[in-house]
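The values are calculated or read from the model by the stated rules, or taken from the named source; none is laboratory data. None of the values given here were measured: they were computed from a predicted structure. With ideal geometry, Cβ positions are generated from the backbone for all residues, glycine too; neighbour counts draw on all protein chains shown.
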Amino acid sequence: MKLKINSLPKSQQEIVVSLNQKDLLPFKEIALKELNKDLQINGYRLGKAPLPIAENHLSPMKVSERMAALAIEKMYPEIILENNIQVIGRPNIYITKIVPGQEVVFKIEITVIPEINLPDYQTIARNTQKKNGDKLTITDKEITEALSWLQNSRAVLQTVNRQAKIDDIITIDYQIKENENTIPHGEDKNYSFILGKGNFIPGFEDNLIKMKPGDKKNFEIIVPKNWPEKKLQDKTLDIEVSLKEIKIKELPDLDDKFAQGVGKFKNMEELKKNIKDGLLIEKQQKEKEKWQAEVLEKISSETQIEIPEILVESELNIMIGELRNQLNQIQLPFEKYLEQIKKNEEDLKKDLKELAKKRVVSSLVLREIASLEKIEVTEKEIQDKINEILKQIPTPEIKEKINQEDLKEFALSIIRNEKVFNFLEGQQSQGK
């Protein structure tokens with residue numbers, strides 16, 4: 001096997017591999033067996049002809065192509081590993097030359113981890129002031145707000161039979177048409193939302209106020225000129241709505257009985273103390289994360305790096321996925337969210353691109369520091385983190401869909417980043 005690696009701009013590499021017949025011979029029998037499966041030869045059952053006879057009935061080019069594909073499948077990871085190439089994403093592989101019985105040449109195009117020139121990150125960490133966690137305090141207002149959240153989380157939804165009002169949780173069927181045609185995402189059944197929160201085109205929710213369960217209503221709305229869906233701007237829409245149900249929140253009283261129901265607390269005073277302690281830990285953690293973000297931002301801003309576009313695109317897709325999950329948790333469809341912010345998905349990606357670049361640089365910076373400082377993560381640490389992550393996923397069906405390699409890489413990055421930040425924090429004590 002002959003190998004030539006060429007460096008290209010923008011963190012690209014081209015690997016040209018030449019294989020002679022000796023390199024390809026180990027793959028011949030496997031190729032013939034695979035191709036023989038669909039081969040019908042007189043005197044033999046389908047796919048059961050001896051391989052020498054099957055070979056005589058197959059095109060030499062077809063056999064060579066399959067041998068080449070098998071060789072590439074096996075050799076690509078070996079080439080990457082043996083040459084210590086840090087690949088990003090999937091490779092593009094092209095067969096450029098096949099001479100049956102003699103030679104195969106193929107080209108691999110890959111994106112690699114870019115060269116990173118870091119500043120003096122130890123000094124930056126040493127000089128970035130860290131707030132003393134012992135001086136943090138919790139106010140009565142913060143405790144009251146936490147109690148209010150707890151109270152709302154244990155509210156009971158009660159069905160009512162009256163006119164709809166702002167802040168009611170209502171369920172509707174609706175259809176939105178323009179010139180007798182239903183607009184994209186303009187129809188849904190049993191859609192629930194909090195009335196007055198601006199889930200729809202301006203004017204839509206105003207028409208639902210005072211409707212009762214079982215009421216149906218038809219009305220028109222003129223779409224604003226600044227609406228993100230340009231095709232609908234200034235158009236008159238015909239809307240049909242059926243109100244199915246109205247629910248309201250009934251909040252429990254904040255008394256000793258409430259405290260006992262929340263956990264093992266005798267009274268409200270014990271609950272408040274527990275909340276105060278928890279808020280203090282949370283505030284200390286936020287201060288720690290704030291310091292980490294500040295240090296990472298300073299190091300990243302002074303880092304010289306050419307960011308591969310493939311990493312930016314990948315990070316954008318991750319960010320959109322994260323947003324979708326967040327919206328699902330509040331039962332707001334992604335398309336409805338885009339309507340509210342008056343953008344389409346491409347506009348949103350453009351807005352997020354600079355943040356995606358920063359996240360990519362931050363990730364590469366942490367990885368490079370780990371490499372330079374020889375910070376290692378053990379297999380046991382990775383497995384323990386994987387188990388911790390899986391415990392937080394209650395649904396077996398979701399667990400089964402998780403890509404194990406992606407999960408392992410995710411767990412590795414979490415632990416490695418934690419160790420890098422611990423190392424950077426350690427520079428504070430060395431500077432004193």
Tally up the residues in the range 82-95 that are exposed (fewer than 14 other Cβ atoms within 10 Å of the Cβ), in contact (Cβ under 8 Å) with a residue 24 or more places away in the chain and more than 25 Å from the chain's Cα centre (by Cα), please. 1
Test result for L46, surrounded by 12 or more Cβ atoms within 10 Å (Cβ to Cβ) and over 30 Å from Q12 (Cβ atoms): no
Give the residue that is farthest from L3 (Cα to Cα), with candidates limited to residues of the range 18-38 that are over 42 Å from the mean Cα position of the chain (by Cα) and surrounded by fewer than 17 Cβ atoms within 10 Å (Cβ to Cβ). E29
Tell me yes or no: at least one residue of the range 7-18 is in contact with a Ser or Thr (Cβ under 6 Å, 6 or more places away or on another chain), hydroxyl-bearing (S, T, Y) and more than 20 Å from L58 (Cβ to Cβ). yes
Inspect the range 146-160 for any residue being in contact with a helix residue (DSSP H, G or I) (Cβ under 7 Å, 6 or more places away or on another chain) and on the phi > 0 side of the Ramachandran plot and give the result as yes or no. no
Applying the selection to the range 362-381, what residues are farther than 20 Å from N84 by Cβ, surrounded by fewer than 14 Cβ atoms within 10 Å (Cβ to Cβ) and either in contact (Cβ under 8 Å) with a residue 24 or more places away in the chain or of a type in the set (K, R) (or both)? K380
T171 fails exactly one of (1) surrounded by fewer than 16 Cβ atoms within 10 Å (Cβ to Cβ); (2) modelled with pLDDT of 95 or more; (3) touching a Ser or Thr at 6+ places or on another chain (Cβ under 9 Å), namely (1)
Quick check on this structure: which one of I79, I93 is out of contact with any Phe, Trp or Tyr (no Cβ under 7 Å at 6 or more places or on another chain) and hydrophobic (A, V, I, L, M, F, W, C)? I79
Given the conditions (1) within 28 Å of E313 (Cα to Cα); (2) without any contact (Cβ under 8 Å) to a residue 24 or more places away in the chain; (3) not in a loop (DSSP other than H, G, I, E, B), every one holds for L412 apart from (2)
Residues to consider are K283, K336, K244, K273; find the one that is surrounded by 15 or more Cβ atoms within 10 Å (Cβ to Cβ), more than 30 Å from D206 (Cα to Cα) and not β-branched (V, I, T). K283
Any idea which of Q260, Q292, Q326 is more than 30 Å from K197 (Cα to Cα), assigned by TED's automatic domain parsing to the domain that holds G426, assigned to a helix (DSSP H, G or I) and not hydroxyl-bearing (S, T, Y)? Q292
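Within the range 190-208, how many residues turn out to be surrounded by 15 or more Cβ atoms within 10 Å (Cβ to Cβ) and in a strand (DSSP E or B)?
First, pick out the residues of the range 190-208 that are surrounded by 15 or more Cβ atoms within 10 Å (Cβ to Cβ): 191, 193-196, 199-201, 203-205, 207-208.
Subset that is in a strand (DSSP E or B): 191, 193-194.
Total meeting the criteria: 3.
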Is it true that K62 is surrounded by fewer than 17 Cβ atoms within 10 Å (Cβ to Cβ) and not in a strand (DSSP E or B)? yes
Scanning the range 37-59 residue by residue, the ones that are modelled with pLDDT of 90 or more, in contact with a Leu (Cβ under 7 Å, 6 or more places away or on another chain) and assigned to a loop (DSSP other than H, G, I, E, B) total 2
